[in-house]
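Written below as structure tokens is the structure these notes are about.
The values are calculated or read from the model by the stated rules, or taken from the named source; none is laboratory data. As the structure is a computational prediction, the values presented were derived from the model and not from experiment. Virtual Cβ from ideal backbone geometry, glycine too; neighbours counted across all protein chains shown. Heavy atoms of the whole protein, side chains included, go into the accessibility calculation; ligands, DNA and RNA do not. Shrake-Rupley method; radii C 1.70, N 1.55, O 1.52, S 1.80 Å.
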Amino acid sequence: MTVHIKKCTLKDLDLLQEISVETFTETFKDQNSPENMNAYLKKAFNLQQLEKELSNLSTEFYFIYANEEITGYLKVNTHDAQTEIMGNDSLEIERIYIRKNHHKQGLGKYLVNIAIERAVELKKQKIWLGVWEENESAITFYKKMDFVQTGAHSFYMGDEEQIDIIMTKTLL
């Protein structure tokens, strides 16, 4: 399998929206009401919101391709783009999604390693993320990548409050 990464630009806005909605829906539709899913998708993945995020100099998006097919994406944040105040020595993985038919192919690990490389290039000391407390497979994956639980925060899926576990990896 040939894998390559492409940093997203504003020209990729429509494709970013498509892959974002598809992968988020695949991941969470069975555990959430259609109303809450639709509310979140409209809020988080509308073109204006994604354009704002893509234009933020403290946010980067990357597509991952396997054999020339887009299979997922990564969103990382630094500085004030982070969803929690973690300091300027941190990089956040806010989104990391792989299309369901490409799970278990090592692509998630590839994206985490891209985030780690970016953190090292930017001289960050730690990398962190929030993962839904009920997403056991993701939590297991992050533990294998040497992330440890360091806290929790609220995440709103429509009008439902859910808890994300904050997991951190030190890069020293």
Next item on the list: Mind listing whichever residues of region 73-87 are in a loop (DSSP other than H, G, I, E, B) and either in contact with a strand residue (DSSP E or B) (Cβ under 8 Å, 6 or more places away or on another chain) or among the polar types (S, T, N, Q) (or both)?
Entry: GLN82, THR83, GLU84, MET86
Checklist line | Among the residues listed as ILE127, ILE96, ILE116, the single one being within 11 Å of ILE64 (Cβ to Cβ) and either among the hydrophobic types (A, V, I, L, M, F, W, C) or modelled with pLDDT under 95 (or both) | finding: ILE96
Notebook entry, point to check: Only one residue in ASN77, ASN67, ASN46 is at positive phi and not hydrophobic (A, V, I, L, M, F, W, C), so which one is that?
Noted result: ASN67
Check: Could we say that GLY87 is farther than 14 Å from ILE5 by Cβ and either open to solvent by less than 10 Å² (accessible area, probe 1.4 Å) or without any contact (Cβ under 8 Å) to a residue 40 or more places away in the chain (or both) here?
Finding: yes
Next item on the list: With the checklist (1) among the charged types (D, E, K, R); (2) over 26 Å from GLN17 (Cβ atoms); (3) not in a strand (DSSP E or B) in hand, flag the one item LYS109 doesn't pass.
Entry: (2)
Next item on the list: Select from region 125-157 the residues that are more than 11 Å from THR168 (Cβ to Cβ) and among the β-branched types (Val, Ile, Thr) and list them in ascending order.
Entry: VAL131, ILE139, THR140
Margin query: So, in region 149-172, how many residues would count as being surrounded by 14 or more Cβ atoms within 10 Å (Cβ to Cβ), assigned to a strand (DSSP E or B), touching a residue at least 40 places away in the same chain (Cβ under 8 Å) and not hydroxyl-bearing (Ser, Thr, Tyr)?
Written below: 3
Check: What's the number of the condition LYS123 fails, among (1) in a strand (DSSP E or B); (2) at positive phi; (3) of a type outside the set (Phe, Trp, Tyr)?
Finding: (1)
Notebook entry, point to check: Which residue pairs have Cβ atoms under 9 Å apart, sit 6 or more places apart or on different chains, and have a first residue in region 132-145 that is without any contact (Cβ under 8 Å) to a residue 24 or more places away in the chain and within 16 Å of ILE93 (Cα to Cα) and a second that is open to solvent by less than 80 Å² (accessible area, probe 1.4 Å) and in a loop (DSSP other than H, G, I, E, B)?
Noted result: none
Checklist line | Residue check, PHE63 in contact with a helix residue (DSSP H, G or I) (Cβ under 9 Å, 6 or more places away or on another chain), under 26 Å from ILE163 (Cβ atoms) and of a type in the set (A, V, I, L, M, F, W, C) | finding: no
Note to self: Please pick out the residue among ILE5, ILE96, ILE70 that is open to solvent by 10 Å² or more (accessible area, probe 1.4 Å), in a strand (DSSP E or B) and farther than 26 Å from MET167 by Cα.
What the structure shows: ILE70
Checklist line | Top-ranked residue of region 23-58 - restricted to ones that are free of Cβ contacts under 8 Å to residues at least 60 places away in the same chain, among the aliphatic types (A, V, I, L, M) and touching a Phe, Trp or Tyr at 6+ places or on another chain (Cβ under 9 Å), ranked as surrounded by the fewest Cβ atoms within 10 Å (Cβ to Cβ) | finding: ALA44
Next item on the list: Spot the failing condition for ASP146; the list is (1) open to solvent by 20 Å² or more (accessible area, probe 1.4 Å); (2) farther than 23 Å from ALA39 by Cβ; (3) part of a strand (DSSP E or B), and only one is missed.
Entry: (3)
Margin query: Return the residues of region 1-19 that are under 15 Å from GLY108 (Cα atoms) and hydroxyl-bearing (Ser, Thr, Tyr); say none if nothing qualifies.
Written below: THR2
